[in-house]
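Notes to accompany the following structure.
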Amino acid sequence: MTLLDGKKTSEVIQDEIAAEVAQIKANGGKTPHLAAVLVGNDGGSVTYVNNKVLTCERIGFGSSLIRYEDTVTEEELLNKIKELNEDEGVDGFIVQLPLPKHINSNKVIEAIDPKKDVDGFHPTNVGRMVAGLPAYLPATPAGILELLKRYNIETLGKHCVVIGRSNIVGTPMSILMSKCSYPGESTVTICHRNTVNLAHHTRQADILIVAVGKPGLVTADMVKEGAVVIDVGTTRVPDASRKSGFRLRGDVDFENVAEKCSYITPVPGGVGPLTIAMLMMNTLKAAKKEVYS
Ligand code: GUN
């Protein structure tokens with residue numbers, strides 16, 4: 001069994017980006033700039049956004065963090081998005097999700113200029129991805145593709161089972177795995193909360209990608225010998241032995257499943273760290289006007 005080391009892979013990618021940014025700056029080019037909008041004080045979201053900003057600093061990007069209380073109105077948020085769309089200093093920006101219930105997330109996402117939508121959530125980028133046109137790919141699926149590539153994992157003709165159909169992970173992942181270039185070319189099954197006999201499907205999987213947020217959902221009896229298992233779950237569970245009072249648990253019963261796998265991602269240290277690297281890659285593409293010229 002080989003552990004898919006997302007932390008190390010993320011560091012390698014970040015070093016590659018940092019080297020390119022240094023080159024751009026040495027040639028008198030503009031410093032790539034990412035802005036992040038954060039609403040409220042949800043622990044997970046604050047940590048993610050802080051990590052994004054810190055990563056920008058580390059690899060030589062400019063960054064700005066715009067914070068609002070969770071009482072912010074939709075109008076205020078939409079005005080800020082308009083401002084960021086028009087700000088030539090900002091190459092790309094994200095609005096951290098989830099947003100408070102009184103704000104319509106779809107309306108917010110649709111207000112973002114697709115050219116600056118480095119999260120790849122705008123319907124224009126989703127549509128372009130489906131059509132096989134240049135697009136910003138969402139960070140989590142892009143990170144999984146990058147892991148498959150960097151570990152030279154064969155995907156052609158494999159049966160890939162995706163559990164979860166979210167707009168951020170499951171749905172784009174299933175589309176990308178069926179695309180006609182590597183890493184794709186797989187036969188894809190999407191499972192979700194209404195799937196009857198989940199284990200019947202997961203046992204067929206050569207590549208199993210789990211993104212539902214239910215700790216320990218996938219047990220050893222649900223996995224085929226030699227499968228590649230990718231765990232996107234990162235649920236905070238109480239842990240009195242930790243200073244923070246919690247630890248992260250994946251959707252896969254790692255200890256028992258790992259023995260049956262050819263490759264598996266740990267939690268933490270698997271898919272999570274790669275999402276930040278992919279966001280940085282998209283921001284670099286935005287600065288270089290690689291996706292939209
Ligand atoms: N919430 C969970 N994942 C993400 C992400 O990749 N981007 C944003 N903006 N919010 C998220």
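The values are calculated or read from the model by the stated rules, or taken from the named source; none is laboratory data. Remember, predicted model here, so these are calculated numbers, not experimental data. Virtual Cβ from ideal backbone geometry, glycine too; neighbours counted across all protein chains shown. For the accessible areas, the whole protein counts, side chains as well, though only heavy atoms, and no ligand, DNA or RNA atoms are used. Shrake-Rupley method; radii C 1.70, N 1.55, O 1.52, S 1.80 Å.
Surface listing: D113, D251 arranged by accessible area from highest to lowest gives D113, D251, probe 1.4 Å.
With all protein chains present, how much of the accessible area of the chain (probe radius 1.4 Å) comes from carbon and sulfur, to the nearest whole percent? Reported share for carbon and sulfur atoms: 51 percent.
Could you pull out the trypsin sites (Lys or Arg not before Pro) across segment 88-154 that fall in loop regions by DSSP (anything but H, G, I, E, B) with no more than 12 other Cβ atoms inside 10 Å?
K101
Between M129, M280, M173, the Gaussian network model of the chain with springs among Cα atoms under 10 angstrom shows the greatest mean-square fluctuation at M129.
Computed from the Cβ-Cβ distance with R0 of 35 Å, the FRET efficiency linking N256 to C180 stands at 0.50.
Over the chain, Cα pairs under 8 Å with separation of 6+ residues give a relative contact order of 21 percent. Take segment 217-293 with all the other protein chains still there, run a 1.4 Å probe, and you get 46 Å² of accessible area per residue.
In the context of the full set of protein chains, segment 14-90 has a per residue accessible area of 53 Å² (1.4 Å probe).
Looking at segment 224-293, I'd like the Rg to Rh ratio, where Rg is from alpha-carbon atoms and Rh is Kirkwood's inverse mean 1/r.
Rounded to two decimals, Rg over Rh is 1.16.
Return the equivalent ellipsoid semi-axes of segment 141-182 as a descending list in whole Å, where each equals the square root of 5 times an eigenvalue of the C-alpha gyration tensor.
So the three semi-axes of segment 141-182 are 17, 12, 9 Å.
When the GluC sites (Glu not before Pro) in segment 79-151 are filtered for DSSP coil states and for at most 13 other beta-carbon atoms within 10 Å of their beta-carbon, the remaining sites are E88. A Förster radius of 35 Å, combined with the Cβ-Cβ distance separating N79 from N194, puts the computed FRET efficiency at roughly 0.35.
Beyond 26 Å, what percent of the Cα pairs of segment 64-190 remain? Everything past 26 Å amounts to 31 percent. What the Cα convex hull of the chain gives, in volume per residue, is 136 Å³.
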